Amino acid sequence: MKFKSLINNKIQEAFSKIDIAPELITVSDASKPEFGDFQYNGVMAVAKKIGANPRDIASLLAKNIDSDMLSKVEVAGPGFVNIHIDNNWLESQLTSIFKSTNFMIEKNQNPKTILVDYSGPNMAKEMHVGHLRSTIIGDSLANLFEFLGENVIRQNHIGDWGTQFGMLIAYLEEIQQNSNFDELKNLENFYKLAKKRFDEDVNFANKAREYVVKIQSGDKHCLELWQKFIDISLSHCEEVYDKLGINLTKDDVRAESFYNDLLPIIISKLDNSGLLKVSDGAKCIFLPNSEVPVIVQKSDGGYLYATTDLAAINYRNDVLKVDRICYVVDARQSEHFAGVFWTAKESKLCNHDVLLEHIAFGTMMDKSGKPFKTRDGGTVKLIDLLDEAIIRAKDTINDRANFADEEIERLAKTIGIGAVKYSDLSINRESNYIFDWDKMLSFDGNTSLYMQYAYARIQSILNKFNGEISGDVELQSDIEHKLAIMLLSFEDVLNRAANDATPHTITSYLYDLATIFMRFYEQSPILKEDIPANVKMSRLMLSSITARTIKKGLEILGIEVVDRL
Ligand code: ARG
């Protein structure tokens, strides 16, 4: 149900009835109950433009809004229009939603092809916390677009190319001879050991350099070593995806190396477009609003990160025929993307109407506000971080009800992983993110545990009733009216989250929904004996829709619910 756009349409209609062309119309959720359910505040601007009294226009407008979905439209203050939604209308909508399997959310009839570029770890090193954020945020956005019926292409743009691979495969070859594969369990360490060899032994360093050239020229032996290294490195990432419940598979990997053959073509396309300038021997594109050019080819002929990204955009445009690309990447790369996007459009490597967006996110910090590192300043291994989340979740639930051991294991995994994801998704992604175990595993506040608890609580009410729920929703009180409006807003919220690529829009909504539900539950007994059957059914229906909405919302975010907590 596109609830707010329905109301907006009504206002639009009323404006046209009184022969005024309105500005862009949006109603906002009224913050105070006496303002009604929604408030339209665009009258003042319109009145000013045509030199009329805002209150006059507002009351004219109010008189002309007629709809069976509204119970009352009133003018307030200097020219606000307060809108009250009719209970009968709400009841029939909710009764239909109760019966529907899909919240009456229709899949987009003209789906767009949206590519989500996320995770993108570098194969030379261990996946780090920046990739964790990208993976969690990107996956939730891809799920969201999919739910709304878009064509979604997930892409894992892994970094598998570059000079450091010469050193790494030369070292791999060496340890292979001593069959000392254990060193590859920890890539960070492997990298350090290889670097040490490189710095200390001239022969090794020469070999490493030679291997760079050899992989680039397609030498079979070197490519085999390289492939082996990539496979091992990628399997580390897959372990993380698996534990996190991320919908990325091998098929979604289109690595940097995939674009190698296209790079010279991209350079000539850029050249043909007249954008290419040579500066200090390097091929560059100068941007209108920046001192820093995009360098696409170094003086020694080597290509750069930006060249690959331009090739990827061109491929995504020409072959994958995308309408929108969301790059879920650390905010520190914003200059890179601004340059690449401008160049891609200007050189027509990408059509003008394709939406290119850098879905930037802030740095992950520890509790003391420093970038997240191990105690000795190293990179935190993600798999260890996730294991710790599960152990801590176990401690959190251990002191609660009597769970069987295996149930605790299962719950701990769902809760621990859910907490890591939810706490990341629930903040505005652009701000830096303080990683705080205690806050994340708390039952209070906007946390995954609060949401999972609310869900489990509703489930237990429904289970206690243990019968068939049927009938019509009948709203009894103000809080039920509010809960109904909240439930009907789900589709608006999902659309807003999809437009702005902001998963926290969904978490805030879920938190508000759960909070309103708790208030409803305190005020409205459901299973008490003296509750009339029709009221009981209606409240059960509201509870059931709430539970389903929470479950679906969390599912889109990639978080599972539990039936008991
Ligand atoms: N591998 C890159 C990094 O770790 C992220 C890749 C993001 N995607 C892209 N198309 N550039 O910084």
(request) Extending each Cα 7 Å along its Cβ direction at ARG375 and SER279, get the distance between those two points in nm, one decimal. (result) 4.7 nm
(message) Using the Karplus curve 6.51 cos²θ - 1.76 cosθ + 1.60 with θ = phi - 60°, what ³J(HN,Hα) values do you get for each residue of the range 58-71, in whole Hz, with x for Gly and Pro?
(response) 4, 6, 4, 4, 4, 5, 8, 8, 10, 6, 6, 7, 10, 9
(request) Could you tell me, in Å, what Rg and Dmax come out for the Cα atoms of the range 247-321? (result) 13.7, 44
(request) Set the Förster distance to 30 Å, then compute FRET efficiency between LYS345 and ILE50 from the Cβ-Cβ distance, nearest 0.05. (result) 0.20
(request) Treat every Asp and Glu Cβ in the chain as -1 and every Lys and Arg Cβ as +1, leave all other atoms uncharged, and give the resulting dipole magnitude about the Cα centre to the nearest 20 debye. (result) 680 debye
(request) Kindly state, as a whole number, the per residue volume in cubic angstrom of the convex hull around the alpha carbon atoms of the range 161-238. (result) 85 Å³
(request) Averaging over all projection directions, find the projected area of the Cα convex hull of the range 389-497 and quote it in nm² with one decimal place. (result) 9.7 nm²
(request) List the residues whose amide H sits under 5 Å from the amide H of ALA30, counting only those 5 or more places along or on another chain, with H placed 1.01 Å from N in the peptide plane. (result) PHE38, GLN39
(request) Taking H placed 1.01 Å from N in the peptide plane, check which residues at least 5 places from PHE361 or on another chain put their amide H under 5 Å from its amide H. (result) VAL329, ASP330, ALA331
(request) Run the numbers on the range 382-428 and let me know its relative contact order in percent, using alpha-carbon pairs under 8 Å that are six or more apart. (result) 48 percent
(request) Go through the range 321-335 residue by residue and turn each phi into a ³J(HN,Hα) via Karplus (6.51, -1.76, 1.60, θ = phi - 60°); whole Hz please, and just put x for glycine and proline. (result) 6, 6, 9, 8, 10, 9, 9, 8, 9, 2, 4, 5, 9, 5, 5
(message) I'd like the Karplus ³J(HN,Hα) series for the range 344-352: coefficients 6.51, -1.76, 1.60, θ = phi - 60°, whole numbers in Hz, and an x wherever there's a Gly or Pro.
(response) 4, 6, 5, 8, 6, 5, 9, 4, 5
(request) Could you tell me the distance between the Cα centroids of the range 117-135 and the range 423-462, to the nearest Å? (result) 24 Å
(request) Would you mind counting up the charge near VAL354? Only other residues with Cβ under 15 Å from its Cβ, with Lys and Arg at +1 and Asp and Glu at -1. (result) -2
(request) Please quote Rg/Rh for the range 1-122 to two decimal places, taking the Kirkwood radius as Rh and restricting both calculations to Cα atoms. (result) 1.11
(message) Under a Cβ-only charge scheme (Lys and Arg +1, Asp and Glu -1), can you give me the dipole magnitude of the range 9-65 about the Cα centre, in debye to the nearest 20?
(response) 160 debye
(message) Nearest 10 degrees is fine. How inclined is helix 129-147 to the longest principal axis of the chain, computing both from alpha carbons?
(response) 50 degrees
(request) Compute the acute angle (0 to 90°) between the alpha-carbon long axis of helix 202-216 and the principal axis of greatest extent of the alpha-carbon atoms of the chain; round to the nearest 10°. (result) 60 degrees
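Going by average Cβ density within 10 Å per residue, which order do the peptides 118-125, 44-51 take, highest to lowest?
118-125, 44-51
Tell me what the chain gives for mean residue ellipticity at 222 nm when only DSSP H runs of n ≥ 4 count, each as -39,500 (n - 2.57), the sum divided by the residue total, rounded to 500 deg cm²/dmol.
Roughly -17500 deg cm²/dmol at 222 nm, from the helical runs in the chain.
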(request) With N denoting the number of residues in the chain, provide Rg(C-alpha) divided by 2.2 N^0.38 Å, to two decimal places. (result) 1.15
(request) For ILE153, list long-range residues whose amide hydrogen, built 1.01 Å from N in the peptide plane, is under 5 Å from its own amide hydrogen. (result) ILE114, LEU115, VAL116
(request) Considering Cα pairs under 8 angstrom that are at least six residues apart, work out the relative contact order of the chain and quote it in whole percent. (result) 15 percent
(message) To make sure I understand, if each residue's beta carbon is the centre and we count other beta carbons within 10 Å, what order do CYS284, CYS222 fall in, fewest to most?
(response) CYS284, CYS222
(request) Would you kindly calculate the mean projected area, averaged across all directions, of the convex hull enclosing the Cα atoms of the range 482-565, in square nanometres? (result) 6.0 nm²
(message) To test your reading of the geometry: what angle, between 0 and 90 degrees and rounded to tens, separates the Cα axis of helix 164-177 from the longest principal axis of the chain?
(response) 70 degrees
(message) Taking the Kirkwood radius as the inverse of the mean 1/r across Cα pairs, report the Rg/Rh of the range 326-378.
(response) 1.21
(request) Kindly provide the Kirkwood hydrodynamic radius of the range 334-435 in Å, to one decimal, from all pairs of distinct alpha carbon atoms. (result) 17.0 Å
(request) Could you tell me which of the pairs LYS228/LYS348; LYS421/LYS536; LYS220/LYS250 are separated by over 28 angstrom between their Cα atoms in the structure shown? (result) LYS228/LYS348; LYS421/LYS536
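Readers should treat all values here as calculations from the given coordinates under stated rules, not as data from a laboratory. Given the structure is predicted, the values throughout are model-derived calculations rather than measurements. Because the Cβ atoms are built from the backbone with ideal geometry, glycine has one as well, and the counts that use them run over all protein chains shown.
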